[in-house]
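The values are calculated or read from the model by the stated rules, or taken from the named source; none is laboratory data. Just so we're clear, the structure is a prediction, and the values are computed from it rather than from any experiment. Every residue, glycine as well, gets a Cβ built from its backbone with ideal geometry; the counts of neighbours run over all protein chains shown. What goes into the accessible areas is simple: the full protein's heavy atoms, side chains included, and nothing from ligands, DNA or RNA. Shrake-Rupley method; radii C 1.70, N 1.55, O 1.52, S 1.80 Å.
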Amino acid sequence: MSDTPRNRIRKSRGDDYIVQGSILAAAVVITKVIGVVYRIPLTNLLGDEGNGFYGYAYQVYAFALMISSLSLPTAVSKLVSTRVASGQKRNAFRAFLCSLLFAVIVGFIVSLVIFLGAGAISEHMMKAPLSVYALRVLAPGLFIVAVMAVLRGYFQGLGTMMPTAVSQVIEQIFNAVVSIVGAGVLFDIGARVGEERGEELLGPAYGAAGGTLGTVIGALTGLIFLLFVLWMFKSVIKQQLKRDRTRKRESYSHLLKALIMIAVPVIFSTAIYNINQIIDLTVFNHIMDAQGYSEQEYIALQGIYTGKYDPLINVPMSIPYAISSSIVPSLTATVMTRDRRRTHYQIDQTLRLTTIMTIPSCVGFIVLASPLMVLLYNDPGATPANLLMLGAIVIVLYGWSSITNSILHGLNYMSSPAKNAAVALVIHLIAFVLMLTVFKMNVYALVGSNIVFALIMCCLNQRKIRKVCGFRLDIVRMFGKPLLAAVIMGVITYLVHLGLDMLIGGRVIPTVAAILAAIIVYVFLILKMGTLSDDDILALPMGARILRFCRKLNLIPSGR
């Protein structure tokens with residue numbers, strides 16, 4: 001009995017990756033929900049044109065973020081967790097200090113480049129000159145987030161996601177408040193200036209800049225919180241360093257090389273994930289312009305895509321992202337033990353939990369696409385709802401590709417996701433141009449090309465995982481029960497919404513009731529079908545209590 005996967009896995013350091021991933025996932029979902037909520041008044045304030053400017057600037061910001069900092073939590077957590085697993089607490093802290101200096105220098109340079117080059121980027125690359133205001137406001141945030149990323153990576157490498165989780169919630173709360181206030185104030189200022197200059201779109205452009213101000217202030221508050229946590233635990237860190245009897249002290253130059261060797265492949269793969277959005281927006285603008293659309297028309301279409309579709313689709317996609325953050329340090333430690341069975345167990349459990357969470361979100365968006373757009377944005381138009389229905393499958397595909405990226409990083413194949421992303425990007429671009437020029441898919445081509453990109457990534461990553469560690473994917477077991485439960489859930493959700501809409505009507509009650517019904521039905525079916533094992537439930541936060549509660553209500557099949 002002592003050799004069972006459950007007992008063996010739960011004994012080792014870092015094997016609470018599901019608990020840590022769940023904590024981070026909960027925080028990320030909260031932040032995404034806050035993001036969707038505050039984007040409702042922000043979207044209404046800015047209008048489709050203002051959302052277009054906001055979306056353009058934010059895509060450039062997101063790409064610059066990939067270069068400067070978003071690879072750092074993964075790289076730093078991997079550096080730190082490897083040394084902590086070997087008992088090298090001092091070297092782990094030196095890795096943190098080295099990473100912090102690297103982040104300060106790179107973050108400052110990238111911030112300066114974006115700030116000074118905002119005009120050229122907006123006018124020549126994005127073909128949206130008035131995005132310059134929002135982009136310049138966002139530029140200082142790149143430096144702030146770079147430093148914050150190292151702090152988050154350090155805590156994650158130590159095996160705790162709590163500081164990261166709390167800082168994300170604090171960051172998003174300040175982001176929401178400042179974005180709405182800033183957008184409202186600057187929109188009015190821009191509108192007055194626009195009247196004087198005869199520039200109709202200056203109000204939305206200034207409003208977009210006010211909206212991006214929340215991103216910077218939010219990041220600053222998150223950084224202040226993490227610095228406070230680090231200061232609070234400085235005595236604990238000092239004691240750990242004193243107890244460290246490791247003779248080998250790694251030089252900062254060696255640690256910097258190790259950081260770059262880990263970070264560069266992650267930067268490349270994650271940058272491609274974002275550069276495809278920037279390239280898509282740029283190509284979309286130029287082709288739509290060549291096809292005779294006015295700037296106001298294609299800006300409005302982009303506003304629907306970036307202001308209504310993206311925020312919704314990113315809520316469930318944040319869950320696999322959170323789990324992927326926790327799997328890297330844990331899987332890295334497991335690989336060091338060379339226990340093949342345990343490695344396969346962790347991969348299987350992570351992938352199963354990912355499908356269990358992403359598939360119902362996909363089905364739910366397909367069923368409730370139009371009601372959600374009406375509830376959140378008071379938009380009964382066909383385009384936003386159709387975008388959401390078409391793009392719902394992206395939740396599953398991007399979730400899977402995000403998790404498999406992190407699995408490959410944990411298996412020490414850092415460059416494989418980058419190579420796969422490069423292949424996927426080329427195929428995606430060809431498909432995107434064909435969708436726009438041959439099939440005339442308009443804004444739907446943005447979603448269609450993302451599906452192509454994510455699907456190629458899933459296939460290539462899964463193939464590489466099988467090749468390097470021998471893990472074989474059981475498609476029926478992995479997808480069968482979650483898909484069946486999600487389809488049944490979808491039918492019941494549709495009927496609940498239809499019935500309440502006919503009886504009561506309105507924007508809120510039918511949709512909210514349908515969502516609650518969907519959650520209850522899906523959880524019930526997943527448990528009754530035995531999709532989650534006892535080990536899976538026990539791995540969750542308060543897993544023992546949840547398991548006892550499920551057994552008390554006879555939600556778990558007997559005899560297993």
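Please enumerate the residues belonging to the range 18-39 that are farther than 23 Å from ALA539 by Cβ and in contact with a Phe, Trp or Tyr (Cβ under 9 Å, 6 or more places away or on another chain).
ARG39 - this is the single residue of the range 18-39 that is farther than 23 Å from ALA539 by Cβ and in contact with a Phe, Trp or Tyr (Cβ under 9 Å, 6 or more places away or on another chain).
Of the residues that sit in the range 319-343 and are open to solvent by less than 30 Å² (accessible area, probe 1.4 Å) and of a type in the set (D, E, K, R), which one is nearest to GLY35 (Cα to Cα)?
Filtering first and then ranking leaves ARG342.
If GLN156 passes every condition in (1) closer than 21 Å to GLN20 by Cα; (2) modelled with pLDDT of 90 or more but one, which one does it miss?
For GLN156, the failing item is (2).
Six or more apart or on different chains, Cβ atoms under 9 Å: show the pairs whose first residue is in the range 501-530 and closer than 13 Å to LEU484 by Cα and whose second is surrounded by 12 or more Cβ atoms within 10 Å (Cβ to Cβ) and of a type in the set (D, E, K, R).
Between residues of the range 501-530 that are closer than 13 Å to LEU484 by Cα and residues that are surrounded by 12 or more Cβ atoms within 10 Å (Cβ to Cβ) and of a type in the set (D, E, K, R), the close pairs are LEU525/LYS481; ILE526/LYS481; MET529/LYS481; GLY530/LYS481.
Residues of the range 289-303 being part of a helix (DSSP H, G or I) and either touching a strand residue (DSSP E or B) at 6+ places or on another chain (Cβ under 9 Å) or closer than 21 Å to ASP379 by Cβ (or both), which ones?
Scanning the range 289-303 gives GLN296, GLU297, TYR298, ILE299, ALA300, LEU301, GLN302, GLY303.
What is the one condition in (1) open to solvent by 10 Å² or more (accessible area, probe 1.4 Å); (2) at pLDDT below 90 that PHE93 does not satisfy?
With respect to (1) open to solvent by 10 Å² or more (accessible area, probe 1.4 Å); (2) at pLDDT below 90, PHE93 is out only on (2).
So which of GLN172, GLN168 ends up being closer than 19 Å to ILE18 by Cα, assigned to a helix (DSSP H, G or I) and of a type outside the set (Val, Ile, Thr)?
The match here is GLN168.
Does ALA514 satisfy the criteria of being among the aliphatic types (A, V, I, L, M), within 17 Å of VAL396 (Cβ to Cβ) and at pLDDT 95 or above?
No: the conditions fail for ALA514.
Could you figure out which of (1) within 20 Å of the chain's Cα centre (by Cα); (2) of a type outside the set (Phe, Trp, Tyr); (3) within 30 Å of ARG340 (Cα to Cα) isn't true of VAL447?
(3)
Going by the structure shown, is ASP280 open to solvent by 20 Å² or more (accessible area, probe 1.4 Å) and touching a residue at least 60 places away in the same chain (Cβ under 8 Å)?
no
In the range 417-434, which residues are surrounded by fewer than 23 Cβ atoms within 10 Å (Cβ to Cβ) and either under 21 Å from the mean Cα position of the chain (by Cα) or without any contact (Cβ under 8 Å) to a residue 12 or more places away in the chain (or both)?
ALA418, LYS419, ALA422, LEU425, VAL426, ILE430, LEU434
Check whether at least one residue in the range 9-23 is at pLDDT 80 or above, open to solvent by less than 50 Å² (accessible area, probe 1.4 Å), farther than 23 Å from LEU130 by Cα and touching a Leu at 6+ places or on another chain (Cβ under 9 Å), and report yes or no.
no
So which pairs qualify, if the first residue must be in the range 383-410 and within 30 Å of PRO371 (Cα to Cα), the second must be among the charged types (D, E, K, R) and surrounded by 24 or more Cβ atoms within 10 Å (Cβ to Cβ), the Cβ gap must be under 6 Å, and the two must be at least 6 apart or on different chains?
PRO384/LYS308
Can you tell me how many residues within the range 300-316 are modelled with pLDDT under 85 and among the charged types (D, E, K, R)?
The number of residues fulfilling the criteria is 0.
Just checking, which of ILE395, ILE403 is under 21 Å from LEU353 (Cα atoms), open to solvent by less than 20 Å² (accessible area, probe 1.4 Å) and in contact with a Cys (Cβ under 6 Å, 6 or more places away or on another chain)?
ILE395
If you go through the range 469-486, how many residues are surrounded by 14 or more Cβ atoms within 10 Å (Cβ to Cβ) and in contact (Cβ under 8 Å) with a residue 40 or more places away in the chain?
Going through the range 469-486 one residue at a time, the tally reaches 11.
Which condition breaks for GLU199 when tested against (1) modelled with pLDDT under 90; (2) touching a Pro at 6+ places or on another chain (Cβ under 8 Å)?
Of the numbered conditions (1) modelled with pLDDT under 90; (2) touching a Pro at 6+ places or on another chain (Cβ under 8 Å), the odd one out for GLU199 is (2).
Among the candidates ILE287, ILE275, ILE260, single out the residue that is open to solvent by 20 Å² or more (accessible area, probe 1.4 Å), at pLDDT 85 or above and over 30 Å from SER86 (Cα atoms).
Unique residue meeting the criteria: ILE287.
Take the residues of the range 379-414 that are in a loop (DSSP other than H, G, I, E, B) and farther than 13 Å from SER269 by Cβ: which is modelled with the lowest pLDDT?
For the range 379-414, the residue satisfying everything is ASN412.
Return the only residue of VAL84, VAL113 being part of a helix (DSSP H, G or I), open to solvent by less than 40 Å² (accessible area, probe 1.4 Å) and of a type in the set (A, V, I, L, M, F, W, C).
Only one candidate qualifies: VAL84.
Taking the criterion of being within 20 Å of the chain's Cα centre (by Cα) and buried (at least 21 other Cβ atoms within 10 Å of the Cβ), would at least one residue in the range 183-193 satisfy it?
No, that holds for no residue.
Pick out the one residue from PRO140, PRO163, PRO204 that is farther than 30 Å from VAL80 by Cβ, of a type outside the set (A, V, I, L, M, F, W, C) and part of a helix (DSSP H, G or I).
Going through PRO140, PRO163, PRO204 in turn, the sole match is PRO204.
Among the residues of the range 537-554, how many are among the aliphatic types (A, V, I, L, M) and open to solvent by 100 Å² or more (accessible area, probe 1.4 Å)?
Summing the residues that are among the aliphatic types (A, V, I, L, M) and open to solvent by 100 Å² or more (accessible area, probe 1.4 Å) in the range 537-554 gives 1.
Inspect the range 546-560 for any residue being among the aliphatic types (A, V, I, L, M), part of a loop (DSSP other than H, G, I, E, B) and within 25 Å of the chain's Cα centre (by Cα) and give the result as yes or no.
Checked the range 546-560: no residue is among the aliphatic types (A, V, I, L, M), part of a loop (DSSP other than H, G, I, E, B) and within 25 Å of the chain's Cα centre (by Cα).
Does GLN302 meet the test of being farther than 22 Å from SER77 by Cα and open to solvent by 30 Å² or more (accessible area, probe 1.4 Å)?
no
Among the residues that make up the range 305-318, is at least one of them in contact (Cβ under 8 Å) with a residue 40 or more places away in the chain, aromatic (Phe, Trp, Tyr) and surrounded by fewer than 23 Cβ atoms within 10 Å (Cβ to Cβ)?
No, because not a single residue in the range 305-318 is in contact (Cβ under 8 Å) with a residue 40 or more places away in the chain, aromatic (Phe, Trp, Tyr) and surrounded by fewer than 23 Cβ atoms within 10 Å (Cβ to Cβ).
May I ask you to verify whether MET373 is within 24 Å of the chain's Cα centre (by Cα), surrounded by fewer than 19 Cβ atoms within 10 Å (Cβ to Cβ) and of a type in the set (A, V, I, L, M)?
no
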